[in-house]
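What follows is a set of notes on a single structure, which appears directly below.
The values are calculated or read from the model by the stated rules, or taken from the named source; none is laboratory data. This is a predicted model, so every value here is computed, not measured. Glycine also receives a Cβ, built like all others from the backbone with ideal geometry; neighbour counts cover every protein chain displayed. SASA here: full protein model, heavy atoms, side chains in, ligands and nucleic acids out. Shrake-Rupley method; radii C 1.70, N 1.55, O 1.52, S 1.80 Å.
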Amino acid sequence: MSYSLRPFRDTDPPRLAEITRAAITAIGPHGYSPAQVAAWTNRHLTADRFVTRAAAGALIWVAEDATGQPVAYALLEVDEHGEGHLDMLYCHPDHTRRGLADQLLASAEAHARTTRIVRLYTEASELARSAFERAGYAVTHRRDFDIGSAQQPVPIHNYAMEKLLD
């Protein structure tokens, strides 16, 4: 199957939210408990978050299949220090292991280099860590924290990772 990358469109948010939920619920159990997957999924229920983030200046690259259907995406924002925060990288479970994460990370890096960003960083899940490592990111530390509600906190972890650009 062939894929192409393109910039975010106003019609993308519902599909990007669907990709996120599908990835978390189908792939998440390979590295996290059912309670962790449920709490993680609940953080990504609405599509409007993409509109808000794009309006605030985040760049979103979308991978689409030959029919034009979005199947993966990456979201990059520039923080207050002028560094690139790769906040989201998700691929629909039907399209994993086809190099899409690598392509999306390469696009984000190419953009960072053209805008003179010298450091990219992320908080990678247990499952995304290997994709970031393939792209040259290094783990700086494991992050243990709680998600969910104040009444139902769920411990979870991810990895702070970074890549310094020349």
Scan (1) under 27 Å from residue 149 (Cβ atoms); (2) touching a helix residue (DSSP H, G or I) at 6+ places or on another chain (Cβ under 8 Å); (3) surrounded by fewer than 17 Cβ atoms within 10 Å (Cβ to Cβ) for the single condition residue 49 breaks and write down its number. (3)
Note on segment 96-114: residues open to solvent by 60 Å² or more (accessible area, probe 1.4 Å) and not in a helix (DSSP H, G or I) are 97, 98
Go through segment 113-127 and give me each residue that's out of contact with any strand residue (DSSP E or B) (no Cβ under 6 Å at 6 or more places or on another chain) and of a type in the set (Phe, Trp, Tyr). none
Could you identify the single residue in 75, 5, 16, 86 that is touching a Phe, Trp or Tyr at 6+ places or on another chain (Cβ under 9 Å), open to solvent by 30 Å² or more (accessible area, probe 1.4 Å) and farther than 23 Å from residue 149 by Cα? 5
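Here is a list: 119, 129, 142. Which entry is open to solvent by 50 Å² or more (accessible area, probe 1.4 Å), more than 16 Å from the chain's Cα centre (by Cα), within 22 Å of residue 39 (Cβ to Cβ) and at pLDDT 95 or above?
Only one candidate qualifies: 142.
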Among the residues of segment 100-121, the number that are within 23 Å of residue 26 (Cα to Cα) and touching a residue at least 60 places away in the same chain (Cβ under 8 Å) is 3
Being more than 13 Å from the chain's Cα centre (by Cα), free of Cβ contacts under 8 Å to residues at least 24 places away in the same chain, open to solvent by 40 Å² or more (accessible area, probe 1.4 Å) and closer than 30 Å to residue 152 by Cβ narrows 35, 56 down to just 56
For segment 34-50, indicate whether the set of residues that are of a type in the set (A, V, I, L, M, F, W, C) and touching an Asp or Glu at 6+ places or on another chain (Cβ under 7 Å) is non-empty. yes
Is it fair to say residue 69 is in contact (Cβ under 8 Å) with a residue 24 or more places away in the chain, surrounded by fewer than 18 Cβ atoms within 10 Å (Cβ to Cβ), within 23 Å of residue 14 (Cβ to Cβ) and over 12 Å from the mean Cα position of the chain (by Cα)? yes
